[in-house]
Amino acid sequence: MRLGGASTKAPSKADVLRAAEAQRAARLAARRSQHAAQAIQAAWRGAAARSRLRDARLAEWLQRYAGASAPEAQVLSAAEVGRAAALLLAALLPPPGSAARRRVEAGAPLATVQQRSAQRRAVAALAALVTRALKAAPREVQQRLAPQASRLCMLLCAAIAAGPTPDQVLDAAAARALELLLAPPSDPAQNAGWGESSVAVSERGGSALQALLVTAAARRVAERAVAGGGQSAGSSSGGDRSGGQGQLASAISDTTVLSRLVNLARALAGGQLEDSPQGQQQQDEAASLLARHLLPAPGLVAVLPEPVAAQLLRPASLAPLLRAAGALAADCKLRGTSAAAALGNLAHLLLAPPGQLPSCGASSLLKLPMSPHLAQPAVAAAFCDALMRLLPAAAAGSSAQPQLSGAQAAAVGAQLALLGAQAPLLQLLSVLGDDAPRFAGAALHLLRDQPAAAAAVARAATPPAAATAAAEAAPARAAEAGAEGGWRSAQEEGGGDDAAAGTPALNALAFAPSVLPALWRWLSTSVGLPLEAPAAARLGCDVAAVSGGARSLAGEHALVLGVFCRALCQLLLVLSDDDLHRRGTPFNTGAARAIATTLNALVYHTHFPAAQARGRQQGPAAGGAGGVPALPAATLSGGRALLERHAPQALRGLYERDQRRPFCRPELWTAPFDADRAAGAPHTASIGGGAAQPQAEGGGAGQGRGQGGLGAVAAVVQGLLFTGRPTAAAAAGAASAAAAAAPLQPTYGTPAALTALLRSAPQCVPFDVRLQLFRHLLAEDRARGRWDANPAEGGPRPLRLTVRRGRLLEDAYGALAAKGAALKGRLYVTFVSASGVPEAGLDHGGLTKELLEGAVGAAASPGYGLFAASDSGLAYPSPTAAAIPGGFALLEFVGLLVGKALYDGLLLPDLALAPHAVVALQGGAPRADDLAAVDPTLAAGLAAVASYEGDLADLGLTFSVEFEDLGRRGRLTPLRTDAASDPPHTVYGNGYSESSRAVRMFWEVVREFGAAQRAALLRFVTSSSRPPLGGFRHLHPPFTVHRVDVAPRNPLAALMGGRGDVELLPTASTCFCMLKLPQYASKRTLREKLLYSITSGAGFELS
């Protein structure tokens, strides 16, 4: 079709159908929208009509009955009271089946009463009417109200503490009405007239719904009282109370609303019927109700009247309440702040006076007395069980946990802090007796979960500023990774990342004089560990009970030993050597030897179990040993993790003390390894001499090598090189870090187990094995970096530097400080003599060694001020180094030079470090006993003060430290060494042999030298005054004595056949460790010439 030159295409059938379908959809949508609008309008009109009807009924009710509630008005008949109740219930309660009605039936406040004062006035008036009528004619009113008593109870409970501000009239009237409405008549004969619909307490107890409603009302009263700062009648209050919060506190004090509600809830749930045949079951039901709906009220006991608290503390009530709270936490019905509040209330109920907020300061916790309630074994056991379940639930948190006010968070924090007091812990240990695993389980969760629970409470506080007050009220540090497996090294611990390191609970366990000895006695009896180890005993360096390692121990045994090790680690931070050796507190040296022997065997056999013990590995949740009831699986696995984490750390602490002041036999630490080596165990196979061979390019370190024990050196070296300690970041994203933190049972007896043992307890491996592994480790790193390869083969070019002999440290710093990892390669050193002339020596390694030793020796001299010296001549970085320009950079450079020396296998003689400096270099924290190496006088004075039993204020002491700007003046005493006294590892050249006359004279002279002369000889030949670690067999190239052929200088003597002695001095080629020794005719000449050469201090001038 063509119109005006344009053409249009007629729509297709499909287009027409689609257009029709779209029109139908549009009309349907319009109709649905209209219907929805009509439905909304109808619902709105219905709601408005119902609201008007409710308002009309409420107005009518207030007009008819408000005046009748006045004390002077005439008491209404039972029928009239029933009609009044029915009218108000219809006006206020949500319709049955609605969501609002279900919330009210679950104990929630009534929304209308929250929002409008008229409803609150009406409920208060109805409560007054019911109260007056029940007092006048209880039986008739009970019968009249029975059909609607459930709804009436619901209304009264939902109205209590429901308004935006406290209404003391409503709370008091409703509580009194509930008490009269639901309590049994005073005359037992009146019980016969009650029907099944009555809600009053009968011999079968009240209905569960009413008990729930009353308990919820009591919880709201308590929460509001704590949030508003009010306290109950049990708290001493002497000031004037004004304002809304003070009025609420006055209402609670005057009418004992909380007392009425709590007692009524217990009665409804059967809590007062424990003397009946079904009393125990009813008591358990009452305890479950209170534990679930009342105990989670934050700070409840702080506002709980003393008479009510006394009812809860009755022996028949307390243990069921503790058991019920633990069961609810185990069933995940108490989580987060609800679990924390419940546990805080239980702790407050047991350990501190109710009705007032407990003090949680350190001095208050130390003064906290024993609890008479924990003296009952059943209560003590139930309290430990509740701790084991509630603390993890509180620490875990909950996405739906309620927010707390600042006052509520502070109250819960103060209550939780009571758990760290020393007296209750000692009492629990004393009362439980042989049930040490239950005590240890509670202690484990106190250490692991209490800080996290307190932190969760602080985070739940609102407004945010309130979190500060809560954090001050209780420790709020992050929790330990209790489920983390695998041994941890002592250096990794360091004490800085441990959540429980400063908690009162840990200090109570560690420093109470009876806890650790009691736990060790239990372990000795139950596990078969040695109680003491005599100093003269020649056997017993291994312990059969732990020969299978940590995984062979029963769950309860591992739990107790783990708590013991954690507390011992804390104790070792402050325990002085005098305490252990002279005073014997808390252990004598015999017990300390037994503990060290046990932990040493345990740590070693965890990686290498004895053959006879490999079949008895326990699962992480094994329990029930010794007839003790099984503890929660999470507690047992956490105890085993605690043992695996802290046993190596405790062992390291004992080992360091033994090194300072021995109390164990020297062979103790390597005894299990030595026993396995003597028995030919595969993992103790010899490494073999010499350095590791470089790997072919592209090949792994383990190619072509066996995989058995120490024969698989490459596997161990790879583990040490590439399995670093897991950090938080690595553990989140790296599979290797996750594998490093995994439990160790799959690696028993493998190279990976040896790697883990070297990281956690290197003292368990003999020094010769560690030394060989260290050399292989360096060789492997050199091969991977090609640091020893020639430049033509792809290796790095040597770093060339020129240094003046009088300015070794400064010139080396300028040339090498910024080179970093390039220092692993070769250096090429040129020395400039004192006259300013470059020396003629060629550096094939000897000049590098001379530079390293000279530069470090210069840095260690007192004149530089970088290092200070202790009275015993041991060095440590001087505090005054910060005042020296570039002092910190120089100290860092000295560390770089020391690392280069270690990498090249060179021992430095002029830097003997003090113990605390070595500990710091290892990543640890110095201990109190390390002070003696720096300042013995100060250490002795502090030890005397620490052991003083009187009041320290009587001594009138002050503490001050004196500093010297240039550091303490002293002499750094180098380590005394034997040098060049090892003929079996000496090579002879150019015609010399071991039997040559000149060689025999040389060794006779060397044996007559003193230590300083031997060190000078060794430095003259090798550029280092100390032999390599392990002896001359590890010197590369080997120590060589080379013959020098010279003609005699006296021609007449030659003509007459005589031999005049040569005048040539001995020289050396330090790069090749070669002494060029002429054939002297006499021993005297050899001695004189040799002494002149080694003591002249010349460079290449003698050549």
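Any read-out appearing in this document is the output of simple, stated calculations on the displayed coordinates, not a laboratory observation. Since this is a predicted model, take the numbers as computed values, not measurements. No Cβ is skipped: glycine too gets one built from the backbone with ideal geometry, and neighbour counts run over all protein chains shown.
What to note about this one:
- What you get for the stretch 47-169, charging only the Cβ of Lys and Arg (+1) and of Asp and Glu (-1), is a dipole of about 300 debye around the Cα centre.
- Cα→Cβ-extended label distance, 7 Å offset, between ARG660 and LEU53, nm: 8.5 nm
- Taking CYS332, CYS565 and counting other C-beta atoms within 10 Å, the order from fewest to most: CYS332, CYS565
- When each of the peptides 884-894, 552-562 is scored by the mean number of other C-beta atoms lying within 10 Å of its residues, the order from highest to lowest reads 552-562, 884-894.
- When peptides 912-924, 90-102 are ranked by their average number of other Cβ atoms within 10 Å per residue, the highest-first order is 912-924, 90-102.
- If R0 is 25 Å, the Cβ-Cβ spacing of ASP935 and ALA883 corresponds to a FRET efficiency of close to 0.80.
- Computed 3J(HN,Hα) for the stretch 207-219, one whole-Hz value per residue from the Karplus formula 6.51 cos²θ - 1.76 cosθ + 1.60 where θ = phi - 60°, is 6, 5, 5, 5, 4, 5, 5, 5, 5, 4, 5, 4, 4, glycine and proline marked x.
- Sorted on the mean count of surrounding Cβ atoms within 10 Å across their residues, most packed first, peptides 666-675, 812-821 read 666-675, 812-821.
- Contour excess over end-to-end distance, with Cα ends at ALA118 and ARG64 and 0.36 nm allotted per residue: 18.0 nm
- Across the stretch 638-649, coupling constants 3J(HN,Hα) worked out from phi with the 6.51/-1.76/1.60 Karplus curve, θ = phi - 60°, read x, x, 5, 4, 4, 5, 5, 7, 10, 4, x, 5 Hz, and Gly and Pro carry x.
- Summing charges over neighbours of GLY886, with a neighbour being any other residue whose Cβ is under 13 Å away from its Cβ, gives -2 when K and R count +1 and D and E count -1.
- Ordered by the number of other Cβ atoms lying within 10 Å of each residue's own Cβ, fewest first, CYS157, CYS1071 fall into the sequence CYS1071, CYS157.
- Counting neighbouring beta carbons within 10 Å and listing from fewest to most, the residues ARG640, ARG323 come out as ARG323, ARG640.
- Close amide H partners of VAL987, meaning residues 5 or more places away or on another chain with modelled amide H under 5 Å apart, are PHE1039, THR1040, VAL1041.
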